[in-house]
Amino acid sequence: MKDFSWECRTKVEFGKGCVKEHLAHLVEEFALPGRSIMIGYGGGSVKRNGAYDDVISVLESLGYSRAGDPEEGRQIIEFPGIMSNPTLGKMKEGAGLASQMNVGLIIGIGGGSVMDCCKAISVQAGYDGDAWEDFWIQGKPMTHKVIPCGVVVTMPATGSEVNGCAVLTNEETHIKTDRDYPEMNPLFALMDPSYTLTMPLRQLRAGTFDILSHIMETYFSYPVEDNPADDVAEGLMRGLIRDFRAAVEDPAAYPARSNIMWAASLAENRIIKTGKTKDFQAHNMEHQLSAYTDCNHGEGLAVLHPVYYRHICKDGLGKFMRFADRVWGLDREEYNSDEAFALAGIEELGSFIKEIGLPTTLRELGFGKEEYELLPEIAESCFISQGAFRPLTKEEILEIYKECW
Ligand code: NZQ
Ligand code: ZN
């Protein structure tokens, strides 16, 4: 294993009714006294699944109000309209509002986009410089005090609730990238699976595939020898595949929904990353597709993964064989070579993606001639992972995109 340090400062409260039960004491513990609270959310789903009303009623019971005076604190400042694939512009708008309104706690209510944007706002609002340039681009150490931030999760996918990662899109330069700072871990995460029941099936599929992708991106990296992180990852993958099938078959099934919600967090709270080099090349390729076309993150990953894995299969042969065996239950005896066995595991992944109803080509993602012509520029803009079994070239990334067509 590689040497590592592990930390996860987020306090999690999981279960039905957890906002009503726990938000008040979390606000008392973490909100800066005498200041206002900002709630960030997206296009309105939180008003249909009950999360927004639950948060407001708890804040009002603590004496916060939407009509309050910001000078006196205890005002509720609303920051709606955080879009999927949040932009740098939206983050800066929120940071400006948080500074102007004397905000001492930010609560993001929603999926990964809302959580990421709110985490980034908490960094920028307390900072004199340009946070995007200093942290997302240059990766400088974060030494300033970030505004406390907590989240209420309504869509399981990114695991943003338990890590310090925030993905932003610079809409001017077409760069979509993440940074992971322990200072950006939410201070608390409230996770009520019943909020997720209003998710459209398309989001359920995309988000759940994103979880599987996070596990695979970590699993398919060095070291290749047996290690605890990969042991945990295999169990998580098997369970997630089971729950994914159950949730698509019966979207109202609470046990599958709650399992998926916690699996998203276990995949991204850094436990399965301990001692691993971590690949995330599929994510880098998807992020740039999204930066240029605003495509859906989980759907983009579903298209890319099998094709990418066929390219690097020989470079991580032992691990791909282990995947075929321990995740898909295939039998080495039935294949005439190690490579055929490893490839069969990747084929199982491809069949599963089809079975679940996710897109398998860029055209199914809605790409047309215009997007096709952009592919060389998108490939050129991709970051190359240094944690992969083999670093790709920009030429090979373009080949992969074209094979996904
Ligand atoms: O905007 P609203 O109305 O809230 O609707 C959202 C949005 O349209 C909707 N939604 C969320 N919860 C719902 C719901 N609809 C009905 N019922 C509910 N309970 O779902 C749509 C998608 O939401 P979004 O937050 O965009 O999805 P996701 O959680 O997949 O987040 C995607 C973003 O996270 C980044 C992605 O790149 C993308 O920008 N990522 C963040 C990571 C991290 N912080 O660790 C890692 C990931 O790999 C990923 O890159
Ligand atoms: Zn992801």
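The values are calculated or read from the model by the stated rules, or taken from the named source; none is laboratory data. The shown structure was predicted, so the numbers you read here are calculated from the model rather than taken from an experiment. Virtual Cβ from ideal backbone geometry, glycine too; neighbours counted across all protein chains shown.
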Restricting attention to the range 144-160, and to residues there that are within 11 Å of ligand 1 (Cβ to nearest atom) and outside any loop (DSSP other than H, G, I, E, B), which single residue is nearest to PRO182 (Cα to Cα)?
SER160
Look at ARG35 and say whether it is over 20 Å from ASP116 (Cα atoms), out of contact with any helix residue (DSSP H, G or I) (no Cβ under 8 Å at 6 or more places or on another chain) and of a type in the set (Lys, Arg).
yes
Pairs where the first residue, in the range 289-305, is near ligand 1 (Cβ under 10 Å from one of its atoms) and the second is acidic (Asp, Glu), C-beta under 7 Å, 6+ apart:
HIS297/ASP210; HIS297/GLU286; GLY298/ASP210; GLY300/GLU286; LEU301/ASP210; LEU301/GLU286
Of all residues in the range 79-121, count the ones that are small (Gly, Ala, Ser) and either touching a Phe, Trp or Tyr at 6+ places or on another chain (Cβ under 6 Å) or near ligand 1 (Cβ under 8 Å from one of its atoms) (or both).
6
For the range 92-136, how many residues are more than 30 Å from GLY68 (Cβ to Cβ) and either assigned to a loop (DSSP other than H, G, I, E, B) or free of Cβ contacts under 8 Å to residues at least 24 places away in the same chain (or both)?
4
Residue satisfying all of: in the range 113-128; charged (D, E, K, R) and surrounded by 24 or more Cβ atoms within 10 Å (Cβ to Cβ); nearest to GLY207 (Cα to Cα) among these:
ASP116
Filter the range 250-288 down to the residues that are part of a helix (DSSP H, G or I), within 13 Å of ligand 2 (Cβ to nearest atom) and over 20 Å from LEU190 (Cβ atoms) and list them by number.
GLN281, ALA282, HIS283, ASN284, MET285, GLU286, HIS287
Selection from the range 161-192 of residues in a helix (DSSP H, G or I) and either within 14 Å of PHE135 (Cβ to Cβ) or in the same structural domain as GLU377 (by TED's automatic domain parsing) (or both) yields PRO182, GLU183, MET184
From the option list ASP243, ASP230, single residue qualifying as under 25 Å from GLU7 (Cβ atoms), crowded, with 16+ Cβ neighbours inside 10 Å and more than 14 Å from ligand 1 (Cβ to nearest atom) is ASP230
